[in-house]
1. Please find, within the stretch 139-174, the residue that is most open to solvent (accessible area, probe 1.4 Å) out of those that are touching a strand residue (DSSP E or B) at 6+ places or on another chain (Cβ under 6 Å) and hydrophobic (A, V, I, L, M, F, W, C).
2. For the stretch 222-249, give me each residue that is touching a Gly at 6+ places or on another chain (Cβ under 7 Å) and not β-branched (Val, Ile, Thr).
3. For ASN317, indicate whether it is assigned to a loop (DSSP other than H, G, I, E, B), open to solvent by 50 Å² or more (accessible area, probe 1.4 Å), closer than 27 Å to GLY35 by Cα and of a type in the set (S, T, N, Q).
4. Keeping to the stretch 159-208, report how many residues are assigned to a loop (DSSP other than H, G, I, E, B), within 23 Å of the chain's Cα centre (by Cα) and at pLDDT 95 or above.
5. Do we have any residue at all in the stretch 52-62 that's of a type outside the set (A, V, I, L, M), open to solvent by 20 Å² or more (accessible area, probe 1.4 Å) and in a loop (DSSP other than H, G, I, E, B)?
6. Which of the following residues is within 30 Å of VAL168 (Cβ to Cβ), touching a strand residue (DSSP E or B) at 6+ places or on another chain (Cβ under 8 Å) and not small (Gly, Ala, Ser): LEU310, LEU290, LEU257?
7. Hey, does the stretch 17-34 have a residue that's part of a loop (DSSP other than H, G, I, E, B), closer than 26 Å to LEU128 by Cβ and at pLDDT 95 or above?
Amino acid sequence: MIIEPRMRGFICLTAHPDGCAQNVKNQIEYVKSKGAINGPKKVLVIGASTGFGLASRITAAYGSGASTIGVFFEKAPTEGKTASPGWYNSAAFEKEAHAAGLYAKSINGDAFSKEIKEITLQTIKADLGQVDLVIYSLASPVRKHPDTEVLHRSTLKPIGATYTNKTVDFHTGNVSEISIEPANEEDIANTVAVMGGEDWAMWIDALKAENLLAEGATTVAYSYIGPALTEAVYRKGTIGRAKDDLEATAFKIGDKLKDINGKAYVSVNKALVTQASSAIPVIPLYISLLYKIMKEEGIHEGTIEQIQRLYADRLYNGGEIPVDEKGRIRIDDWEMREDVQAKVAKLWEEATTETLPAIGDLPGYRSDFLSLFGFEIDKVDYQKNANELVEIEGLVN
């Protein structure tokens, strides 16, 4: 069928299988173009189907020739209805990986659940024996706790006071003011339960208990800090509390891995267009201004460029892994450069519906957003009938 983007607010309801496949191929080609990385050989990626998780899987496979197992929760296609983009991304990755002679299997289900953890452990045990890298890149708004069965929902709210600032509707370019009411204690606790470090620790505990972590294994979770402009709603809000918990968990996991000389890190990544970030007030405006500046400076990175640099220059650089004073890997270093942030702050003051086309990169933002769903990708004929019924070759369950 002919597949076109159908929008509802900050969500695209359709995904293009051929566009997603081309997007994956483009990322693979980028990693191959940068040369080999003396990196991991057996990798588990939790949250492997989009964004940083997908880029992590691609970089491990095509940078280091790694065998990969990806865990994700995606919607399969049905006749006349497209799958979620992560389904098509994973199908494309597996097809390419298998053609290149690389081991790749995928597990589709709730990564927070005991059932999916157990299926993953058994797959590692049967096929790989152990893993030497575990990437934790889940981005879910809801978590059913595996022990209590309580359903926790995260919220995006400031703490302590109402937050008011500019935002932009990236579909229309309309800049307006938005106010967000502060969180209560229950909001904070729920957000930490969903987006904090507890599930990451549960995964590592489960892997270690079954002796599935190789000597010297590394685990990495992804975080974000961002500038003073967004901190009230992000880093000093409910999500920030969850990120604080995630970062504290890295030290606890690191202590548990000492007996196998393992390490746990949080990598602070750059602001990027994702389904999640698009729904956060203020962030689309910030990113559109940031992208304009970083592109002009020649330091703009998409997801794959950032993760390839994380692997090559930080995690597997052949020496010490550089970290900040809180033990975090900072791959947001170019975004957070003083000169870049000073320019963003200046443009922020100037940003209106009328000025944004000249001072921001809203077309780049929109294009990046649509590309998440397989649209506006070069070399794809969108007038051609596409087969929505794509299967994932190495799906375990």
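The values are calculated or read from the model by the stated rules, or taken from the named source; none is laboratory data. Everything numeric in this text was worked out from a predicted model, so none of it was measured. Positions of Cβ are backbone-derived with ideal geometry, glycine not excepted, and every protein chain shown enters the neighbour counts. Side chains are part of the model used for accessible areas, which takes the heavy atoms of the whole protein and leaves out ligands, DNA and RNA. Shrake-Rupley method; radii C 1.70, N 1.55, O 1.52, S 1.80 Å.
1. Applying the filter and picking the extreme gives LEU151.
2. Within the stretch 222-249, TYR234, ARG235, ALA242, ASP245, LEU246, ALA248 meet the criteria.
3. yes
4. 2
5. There is no residue in the stretch 52-62 that is of a type outside the set (A, V, I, L, M), open to solvent by 20 Å² or more (accessible area, probe 1.4 Å) and in a loop (DSSP other than H, G, I, E, B).
6. Sole residue among the options that is within 30 Å of VAL168 (Cβ to Cβ), touching a strand residue (DSSP E or B) at 6+ places or on another chain (Cβ under 8 Å) and not small (Gly, Ala, Ser): LEU310.
7. Yes, the stretch 17-34 has at least one match.
Yes/no per residue for (1) hydrophobic (A, V, I, L, M, F, W, C); (2) in contact (Cβ under 8 Å) with a residue 24 or more places away in the chain; (3) open to solvent by 10 Å² or more (accessible area, probe 1.4 Å); (4) on the phi < 0 side of the Ramachandran plot:
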residue	(1), (2), (3), (4)
GLY302	no, yes, yes, yes
GLU305	no, yes, yes, yes
GLN341	no, yes, yes, yes
GLU349	no, no, yes, yes
ILE377	yes, yes, yes, yes
GLU391	no, yes, yes, yes
